[in-house]
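Notes to accompany the following structure.
The values are calculated or read from the model by the stated rules, or taken from the named source; none is laboratory data. This structure is a prediction, so every number in the text was calculated from the model and none was measured. When we count neighbours, we look across all protein chains shown, and the Cβ atoms used for this are built from the backbone with ideal geometry, even at glycine.
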């Protein structure tokens, strides 16, 4: 069975500094990896995904993520954080084409001015 | 604009009452899903449907029921058998179940049991 872990409940960063949100996963087959963002009392918005190909994936709002097969990680990054990036971020993994989509517990990002 | 519409946004229920949450999509997606979100627990799958007139239980289906009579609609009923129904409920859709496609989410419905 697949699993996904977001080891940090909260990440605090000053505006303008780099932002990293960590995600590790476990699957038996090929991982399909996703990042979503959620603002308070809203639905989830898709940011980016890794299916195959280049390990560095670029997504919406200046976010990117790096797939690392040896470390089974898919960390989300942004070079310069904005106060408006403050939100709840979810990593999700699917084990191959027909696996169930498993969400992590979420990481709260707080960006201070 | 294409998207997913959930209603109502906020709902209050007395213990022992059934309530139905609406989910409508105009994305022409085959697959639809219901998730429950509780603080610190991520999203847990309640039910999903891959095609009209067919649906399957997810991880926490007890106390819930669904129907899929139309491609664009996937309502969720929270029954009185659900022991702890207060939560944020999210509906989602995708082109098909599985594959490389991402999920598209509605804005959610917050249910509070008084």
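Just wondering, is there one or more residues in region B:68-76 that are under 12 Å from the mean Cα position of the chain (by Cα), within 15 Å of residue B:105 (Cβ to Cβ) and not in a strand (DSSP E or B)?
Of region B:68-76, the ones under 12 Å from the mean Cα position of the chain (by Cα) are B:68, B:73-76.
So of that shortlist, the ones also within 15 Å of residue B:105 (Cβ to Cβ) come out as B:74, B:76.
Okay, now just the ones that are also not in a strand (DSSP E or B), so B:74.
Looking for residues that are under 12 Å from the mean Cα position of the chain (by Cα), within 15 Å of residue B:105 (Cβ to Cβ) and not in a strand (DSSP E or B), one finds at least one in region B:68-76, hence yes.
Report, by residue number, each residue of region A:51-81 that is modelled with pLDDT under 95, more than 13 Å from chain B (Cβ to nearest Cβ) and buried (at least 16 other Cβ atoms within 10 Å of the Cβ).
Passing the criteria: none in range.
Residue B:107: away from chain A (no Cβ under 13 Å), part of a loop (DSSP other than H, G, I, E, B) and over 16 Å from residue B:15 (Cα atoms), yes or no?
Criteria not met by residue B:107.
Is it fair to say residue B:42 is touching a strand residue (DSSP E or B) at 6+ places or on another chain (Cβ under 6 Å), without any contact (Cβ under 8 Å) to a residue 12 or more places away in the chain, under 25 Å from residue A:38 (Cβ atoms) and surrounded by 13 or more Cβ atoms within 10 Å (Cβ to Cβ)?
Here the answer is yes, as residue B:42 does meet what is asked.
Filtering region B:45-60 down to residues that are part of a loop (DSSP other than H, G, I, E, B) and touching a strand residue (DSSP E or B) at 6+ places or on another chain (Cβ under 9 Å), which residue is surrounded by the most Cβ atoms within 10 Å (Cβ to Cβ)?
Once the filter is applied, the top-ranked residue is B:58.
How many residues does region B:9-38 contain that are assigned to a loop (DSSP other than H, G, I, E, B) and touching a strand residue (DSSP E or B) at 6+ places or on another chain (Cβ under 9 Å)?
10
Can you tell me which residue within region A:95-113, out of those that are part of a strand (DSSP E or B) and under 16 Å from residue A:6 (Cβ atoms), is nearest to the other protein chains (Cβ to nearest Cβ)?
A:103
Do we find that residue B:70 is closer than 26 Å to residue A:35 by Cα and either without any contact (Cβ under 8 Å) to a residue 12 or more places away in the chain or surrounded by fewer than 16 Cβ atoms within 10 Å (Cβ to Cβ) (or both) in this structure?
No: the conditions fail for residue B:70.
Got a sec? Which of A:2, A:10 is crowded, with 18+ Cβ neighbours inside 10 Å and either in contact with a strand residue (DSSP E or B) (Cβ under 7 Å, 6 or more places away or on another chain) or farther than 26 Å from residue B:4 by Cβ (or both)?
Working: A:10 fails: crowded, with 18+ Cβ neighbours inside 10 Å.
Testing whether each residue is crowded, with 18+ Cβ neighbours inside 10 Å and either in contact with a strand residue (DSSP E or B) (Cβ under 7 Å, 6 or more places away or on another chain) or farther than 26 Å from residue B:4 by Cβ (or both) leaves just A:2.
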